[in-house]
Amino acid sequence: MKKGEFQVRNRRNKGWFYIDNDYLNGYAKIFGAIGTAIYISLCRHADQHQKCFPSQKLISEELNISERTIRKYIDLFEKYNLISKEKIRNKEGKWLNNLYWLLDKTEWKKPEATVSYGSQRQMTTEPEANDDINQRQQFPIKNTNNIKNTNKKNTNIAGQSPAVNETIKNVINGIITAFSGVNPIYTALFSNKTQRGAVERLLKIYGEEKLLKMVQALKDIIYKKYAPKITTPLELENNLGKLIAFIKQEQDRSGKYQIEVLEYPDGTKYEVNAK
C-alpha cells in the first residue's frame, strides 16, 4: 500500500453484527452512552435467531462497566421490551447465564423520560490518566425542587415514570446505607429531604460508584487526628474540600490512598479518595 492510501472496511469480511437504526436514532438518547454500549454488546453476541447469552461478567470486562450497572440496564431493556430475558438451567439443574432475545422494534416501548445512569469503573491499566474519570452519571432529574415525598417508602419525582423514580430512590438509599460505617443512626437520614438532596447533587457530579467509594472510605479516616468528622451526606458535600486536603496529606505521609482528579461542572478540579 502506497503512502497516503488506506483500506476501508469490507462488509464481506467476518466480524460484523447488526443494530437497528431506530435504536441509534432515538433510544440511544434515552438510555445514554453506557446503556447503548450494553445494548450493542447484546447485539454483538446475538446469533442469527437474535438470541444471546453473554454473562454479565463478560460484558463488564468487554466494556469496563460494573456488573451492577449492567444489571440495571438489562432490567430496563426488559421493561421497555427491547429484550426478553429467560433464565435457563442445564441438565443437572444448575443455573446458567441468562438467555436474551433481541425483540423487534415493533415491540419496543418508549420510556417517558431519560433513564440513563451509572458510570464507568476507573481503568486499572495504563495509562492511568484516562477520560473515563469524567464519565459522570446522568440522572433524569431536571429540577431537584420538584422532588416530593422523599422518604424511604416513597420517592416521586415530577414528570418521571414510576420505574425511573424507583431506580433513583434505590440508588439514593444505597448511598445513605453506606453511611452506616460512620453513623450508627444512619436510618434517620432516609426521611430527611435535606440529606437526600445532598446525595442527589453529589450523584450528579460523581456518579453512583465513585460516590459510594468516597462514603465507604470515610470509616477508614474518621478517627484519625485532624480528619474532618463527616457522618452525613450534607456534611460530605459541605466539607469535601477539607476531606480532600486531609486525604492528600495522608497520601503524602504514607502513600496509602489512591487519589484521582475530579472536576466540577464549572471547571474547578478537586482530588478525592477513590481507594
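Each reported figure results from applying straightforward, stated rules to the coordinates on display, with no laboratory input. It should be emphasised that the depicted structure is a prediction, and the values quoted were computed from it without experimental measurement. Heads up, the Cβs are rebuilt from the backbone with ideal geometry, glycines too, and the neighbour counts pull from every protein chain shown.
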Cα centroid distance between segment 194-250 and segment 29-90, in Å? 32
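Relative contact order, percent, of segment 21-107 when contacts are C-alpha pairs under 8 Å separated by at least 6 residues? Show your work: numbers first, answer last.
On the way: 92 pairs, mean separation 23.8, N = 87.
RCO, segment 21-107: 27 percent.
Which pairs, out of Lys51/Lys169; Lys85/Lys110; Lys29/Lys204; Lys72/Lys229; Lys51/Lys210, put more than 27 Å between their alpha-carbon atoms? Don't skip to the answer; put the middle values down first.
Working: Lys51/Lys169 32 Å; Lys85/Lys110 18 Å; Lys29/Lys204 17 Å; Lys72/Lys229 33 Å; Lys51/Lys210 34 Å.
In this structure, Lys51/Lys169; Lys72/Lys229; Lys51/Lys210 exceed 27 Å between Cα atoms.
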Amide H contacts under 5 Å for Ile83, restricted to residues at least 5 apart in sequence or on another chain and with H modeled in the peptide plane, are Glu78, Leu103
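For a quick protection proxy, order the peptides 84-92, 42-50 by their average other-Cβ count within 10 Å, most packed first. Could you put the intermediate results ahead of the total?
Values: 84-92: 9.3, 42-50: 14.3.
Most protected by this proxy first, the peptides run 42-50, 84-92.
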Cut-off under 5 Å, modelled amide H: who pairs with Ser66 long-range: Arg121
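How long is the gain from Phe17 to Glu112 if the chain were fully straight, where each residue apart is worth 0.36 nm and the alpha carbon distance is subtracted?
Details: separation 95, 0.36 × 95 = 34.20 nm, distance 2.91 nm.
Contour length minus Cα-Cα distance gives 31.3 nm.
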Provide the per-residue ³J(HN,Hα) series for segment 48-59, in order, calculated from phi with Karplus coefficients 6.51, -1.76, 1.60 and θ = phi - 60°, each as a whole number of Hz, with x at glycine and proline positions. 5, 8, 6, 10, 8, 8, x, 6, 5, 5, 5, 4
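Can you give the net charge of the other residues whose Cβ lies under 11 Å from the Cβ of Lys229, counting K and R as +1 and D and E as -1?
Details: positive: Lys224, Lys242; negative: Glu235.
Overall, the nearby charge balance is +1.
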